[in-house]
Structure formats: C-alpha cells, structure tokens
C-alpha cells in the first residue's frame, strides 16, 4: 500500500474474522486441554505400574515382582469430556492403578455436578440430558439415580443436625405424597416445620414422613426438634392450620408459645357453612384481621356477628370458637402480621414440592421420597438464606 492511499477498515468483516478466529481458538484449546489431561493420567498410571513392578522397562533383576502385560482401554467421563484411556496392566492381574478407582467411570467432579443438578430440581431422566453437552455423552436416568443415592447420608445428617434457639416464629403444616409400598400406591403425609430466625431469614427446619397427620406423629416431630436444641425459649408465635392433633402436640411440647390459627383455612371453613347468596358474609369477615389493632378487630367482629348471627349462625360460631387463636397476631408489630396470619409461606413451598413430583406416578421407596423432598427444601433454603424477609428486617 502506498503512503498516499487511505487506510480502509471494514468493521463488519473484521468482526466476522475475529469471531471465527475466537471460535477456532477455543475449540482448539479445549481439544489440547483434553489431550493433555489424557496424557497426564496415562503417564501417572505408567509410573504407578513401574513402582509396582519395582523395575524399569526391560530391566531384569531379582526384586522385580511381576511383568508388564500391555494395556486395556477404558473410558472416563470428566469435566473436559469423555477420555479414552490406555490403562496399563500386569501379567498376574494384581496391579490396580490408584489414579482410577475400580469400576469408576466418572470423575468425582462429574458425580458432584450430577448431584447439584438433581438438587436444583431437575429430574433423574432430564439431568443426564442437561449435562450431555458438557460431558460428551448422555448419562442415563439409572446412573443419575445411583449418584443421587449418595445424598442419603446428607439427608440423614440434616435430620440429625443440632438446632439453635434462633427461631422467633414457626409455621407448621403438612403435604401429601404418594409411595408405592407392598405392591400398591399409598398416600403418606410429610409434616414440615418452617421457621423465621432473628436475622429475618426463612428456613425449612425439618420434615417427617408419616402415615397420617395426628397428635402422635406431630408430637414425634416436635419432640425431635426440642431434643436437638429448639427448646422454644425465644418463640413468639407458632402458626398452624388448626389441625386438632397438632394443636394438642403444641400444648405438650411448647405450652407457653402463642398459637395463631391460619385465617385462610378458617375462612374456608366459614365458606363451607354459608350459602352462595351469603358471599358478603365472607368478605366482611376478612375485614376483621385487617384491623389496626386487637381492639378495633374485636369491634369489627362484634358488628359482623350482630349482622350475621340470625342468617348464618353456624358460620358465626365457627369463627367465634377460635377467636383467641385468630387474634394472636395482634401482639406482633403490624409489619409482621401479613406474613404470620396464614400458613401461605409454607404452602408456597408445597407448590414447589408438587411441581417437582408432578411427573412422577409415585415414589418407589421411602429413601427416594426423602431425597426428592430434601432437594426441594435444600434449594429453597439456599434461596431464603440470600433473601431475608424485608418486613422482619425493619425495626417495627
């Protein structure tokens, strides 16, 4: 080019050439890393065999314990893809390389990735497909299930972990699941305890898989929490859906803790006692818990009762019988009441559970059920830990 000629740069073509060069560079870099990793592992295994034989290649002396006998091929799934390795062997077959564990076809990092994908809520059938692009192969559902079984110990440790007195509020509720037991699908109930800490963080504390929801089963879960450290000395309020067995269990384990009945469940009970034409009765009942304080709420209840006592006596009695437990929230700051007047927080968690098991006909074992539940609760606890409840962080 002459000095007098203008330099012309075509931006679009330069950008295209740069993208092609970058694509080739990274593709070539990945292949080089994969090849170097393969050669490194093979060199380590060769060195292992040499130490095992106690002799260099072609060396003859009395201390040699065996003879080299070529290689056999073995595939290994790694973070860089599938490696086809030449594994050295000895004539007697006694040599076992420590670099590759016996019968292992995946690196521990790959198994860890499969477990993390499973914990994030991906089903065993889809987890292998999700990582197929990274592993250069589709991992079967059976393989993911086998890897997930390693979570059994994590689940057991989680059930046994020590608890602290850092919970100010508890929300207790249950969700139904299906298990295939003794040749048929049966319903089981998962009792769950959700807590809000002094740091304004929500947490699913623990769960228990039982046959039915009752005083004895709830007492088993609550006593387990008590024995592990949750004595209830700092509990301000416990919210329930009004299950009679749960209420009795609470009175036994934490008799001094205030009890709040869920307004949503109570309004459903109220609705079942009303005619279709009595819809205004339900709407007016909602104004009671929206009062600024207990005095105002009590005044609204009296007006509501006076208006509907003759037309809907069963509905009025349904609300009046549990009025004390329904008004427990008024002992809390106004900013906390909206979240603690219902069990909606834990119901939202149950939506995640149902979404996760929707595609499953039924759990095949109790362990598989606990693993899935643990994966959902673990993921939600991770989210709640990073997102404190704003209304509880305020000095109100």
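Against the definition (surrounded by fewer than 20 Cβ atoms within 10 Å (Cβ to Cβ) and free of Cβ contacts under 8 Å to residues at least 60 places away in the same chain), how does residue 228 come out, yes or no?
no
Within segment 270-278, identify whether any single residue is surrounded by 15 or more Cβ atoms within 10 Å (Cβ to Cβ), in contact (Cβ under 8 Å) with a residue 24 or more places away in the chain and within 35 Å of the chain's Cα centre (by Cα), and answer yes or no.
Within segment 270-278, one or more residues are surrounded by 15 or more Cβ atoms within 10 Å (Cβ to Cβ), in contact (Cβ under 8 Å) with a residue 24 or more places away in the chain and within 35 Å of the chain's Cα centre (by Cα).
Among the numbered conditions (1) modelled with pLDDT of 80 or more; (2) in a helix (DSSP H, G or I); (3) over 47 Å from the mean Cα position of the chain (by Cα), tell me where residue 51 comes up short.
(3) is the only condition that residue 51 fails.
Given the criterion out of contact with any strand residue (DSSP E or B) (no Cβ under 9 Å at 6 or more places or on another chain), loosely packed, with under 14 Cβ neighbours inside 10 Å and more than 21 Å from residue 269 (Cα to Cα), identify the matching residue among 317, 294.
After ruling out the rest, the residue left standing is 294.
Within the group 204, 287, 191, which residue is closer than 26 Å to residue 392 by Cα and not assigned by TED's automatic domain parsing to the domain that holds residue 378?
287
Determine whether segment 62-73 contains at least one residue that is closer than 25 Å to residue 146 by Cβ, at pLDDT 70 or above and assigned to a strand (DSSP E or B).
Yes, segment 62-73 has at least one match.
How many residues does segment 202-215 hold that are out of contact with any helix residue (DSSP H, G or I) (no Cβ under 6 Å at 6 or more places or on another chain) and farther than 15 Å from residue 188 by Cβ?
Count: 2.
Quick one: residue 233 ticks every box in (1) touching a residue at least 60 places away in the same chain (Cβ under 8 Å); (2) buried (at least 17 other Cβ atoms within 10 Å of the Cβ) bar one, so which box is it?
Evaluating residue 233 over (1) touching a residue at least 60 places away in the same chain (Cβ under 8 Å); (2) buried (at least 17 other Cβ atoms within 10 Å of the Cβ) leaves (2) as the failure.
Quick one: residue 299 ticks every box in (1) surrounded by fewer than 20 Cβ atoms within 10 Å (Cβ to Cβ); (2) assigned by TED's automatic domain parsing to the domain that holds residue 171; (3) modelled with pLDDT of 95 or more except a single one, so which number is it?
(2)
Do you know which residues across segment 257-284 are outside any helix (DSSP H, G or I) and more than 22 Å from residue 200 (Cα to Cα)?
Answer for segment 257-284, where residues must be outside any helix (DSSP H, G or I) and more than 22 Å from residue 200 (Cα to Cα): 272, 273, 274, 275.
Any idea how many residues of segment 338-347 are surrounded by fewer than 19 Cβ atoms within 10 Å (Cβ to Cβ) and under 19 Å from residue 295 (Cα atoms)?
Summing the residues that are surrounded by fewer than 19 Cβ atoms within 10 Å (Cβ to Cβ) and under 19 Å from residue 295 (Cα atoms) in segment 338-347 gives 1.
Give all pairs with beta carbons closer than 9 Å in which a residue from segment 36-52 that is touching a residue at least 12 places away in the same chain (Cβ under 8 Å) meets a residue that is in a helix (DSSP H, G or I); count only pairs at least 6 apart in sequence or on separate chains.
Hits for this filter: zero, empty list.
Return the pair list, or none, for Cβ contacts closer than 6 Å from residues in segment 92-109 that are closer than 19 Å to residue 46 by Cβ to residues that are assigned to a loop (DSSP other than H, G, I, E, B) and at pLDDT 75 or above, at least 6 apart or on different chains.
92/66
Is there a residue being in a helix (DSSP H, G or I) and modelled with pLDDT under 65 anywhere in segment 106-118?
no
The values are calculated or read from the model by the stated rules, or taken from the named source; none is laboratory data. Everything numeric in this text was worked out from a predicted model, so none of it was measured. Note that each Cβ is placed from the backbone with ideal geometry, even for glycine, and that neighbours are counted across all protein chains shown.
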